Structures are given as C-alpha cells and as structure tokens.
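Read through the structure below, which is laid out as structure tokens, and then see the notes.
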Amino acid sequence: MIDYIKESEKFRPDKIKTLLVAEAPPPSGQKYFYVPEKMNPGRNIENYSSLPATVFYHYFKSIPGTKKEYLQYLDKLKEKGVFLTDIIDKPLKIRDKTQKNQINKKNLEYLILQIPLLRNKLKQRQIIIDDKDIVFLLARNNYIKHIRKEFPESKLIRWKDFRMNIQKL
C-alpha cells in the first residue's frame, strides 16, 4: 500500500500558502495525488473528474501527458506554495453505486467524524496555516455544515467549480 504521508511530503512547500483539502485517497489504494500517473491531456476538461486533473487544470490550464510532466506539475505546485492533504489518510469509498443514493453512509459518517480532528492532524504534521488559506475541495455537499463549524473562514468549492475556476460557495 502507498505511504500517503511519505509521498506527499516529497512535494510539501517550505511555506504553504494554500492548503487544498480533499476527502481521502482513492478507495482502490493503488493511486494517489502525489504518485504520478499518465493522464490524458486531450480529454474534455469539463468531464475529467480526477483530482489531479481538477488541481492541475485550475492552476496551469493544462493536464500533464506523461509521468515526467506530472512530476513537473507537482514541483510547480510546490513552488507556488500549494499543498494537498486529505481529511483521512487512508483509502475510503464513499461513492458506492450499490448503495441507496450511491453513498456508503457508514464511510460518509466516518469522514464527518474525522473533520473535527483535522486541525489537530495538521498540527501534528506541522502544517500551520490560517483558515482563510484552506480550500476544501468538495466531492459532495453532505458535510458542508461540519466543515463550516470547524473551519468557518475556509473556502469550500466543488471539484468541477474549482477545475473550471467558478466561485460558487
């Protein structure tokens, strides 16, 4: 399994200016934002819903086509002071087509319970940042009130809106 903390630390800026927060690593346990993968730069960006496509397009208006380019994009994010972390540091499957409303309620509830613990987790990793510089990338709306309670000055934005630079929330 991937050591998510170790992989992310390779690209951690000395001074984090923007902290992006996602839910958790992909449920397969085989992929991770900080582990380069081949992407398809020719794909329609509006429907390219992967987290790397979302983040890279937001900042660079392009998608890396090779693993080498992917690494270069990660280095550019580091230079910009952009760092990504997850609420949970282990794979978690929330979207589940076999469940009612396509949501695994047990896993969603677990994620919600972890939101109040996030500030301490960041402190343990020595990630010191003002709430106003935290951007929660929302895959769903089910936990907005929980984030607002714990991080009232942070930004919340849906993946697609972030990818397309649309400010809605």
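The values are calculated or read from the model by the stated rules, or taken from the named source; none is laboratory data. Computed from a prediction, not measured in an experiment: that's the story for all the values here. Cβ sites come from the backbone with ideal geometry, for glycine too, and all protein chains shown count toward neighbours.
Which one of Glu69, Glu109 is free of Cβ contacts under 8 Å to residues at least 60 places away in the same chain and either under 15 Å from the mean Cα position of the chain (by Cα) or exposed (fewer than 15 other Cβ atoms within 10 Å of the Cβ) (or both)?
Values: Glu69 fails: either under 15 Å from the mean Cα position of the chain (by Cα) or exposed (fewer than 15 other Cβ atoms within 10 Å of the Cβ) (or both).
Only one candidate qualifies: Glu109.
Considering the conditions (1) surrounded by fewer than 15 Cβ atoms within 10 Å (Cβ to Cβ); (2) in contact (Cβ under 8 Å) with a residue 60 or more places away in the chain, Gln126 is excluded by exactly one of them, (2).
When Ile127 is tested against (1) assigned to a helix (DSSP H, G or I); (2) closer than 22 Å to Tyr4 by Cβ, exactly one condition is not met: (1).
Among the conditions (1) over 27 Å from Asn142 (Cβ atoms); (2) surrounded by 12 or more Cβ atoms within 10 Å (Cβ to Cβ), the only one that Gly42 does not satisfy is (2). Per the listing Tyr4, Tyr59, the residue uniquely within 23 Å of Leu138 (Cβ to Cβ), of a type in the set (Ser, Thr, Tyr), touching a residue at least 40 places away in the same chain (Cβ under 8 Å) and surrounded by 12 or more Cβ atoms within 10 Å (Cβ to Cβ) is Tyr4. Just name the residue that is farthest from Phe136 (Cα to Cα) out of those in the range 70-108 that are β-branched (Val, Ile, Thr) and in contact with a strand residue (DSSP E or B) (Cβ under 8 Å, 6 or more places away or on another chain). Here the answer is Ile103. When each of Lys123, Lys145 is tested for being at pLDDT 95 or above, among the basic types (Lys, Arg) and under 26 Å from Asp14 (Cα atoms), the lone residue that passes is Lys123.
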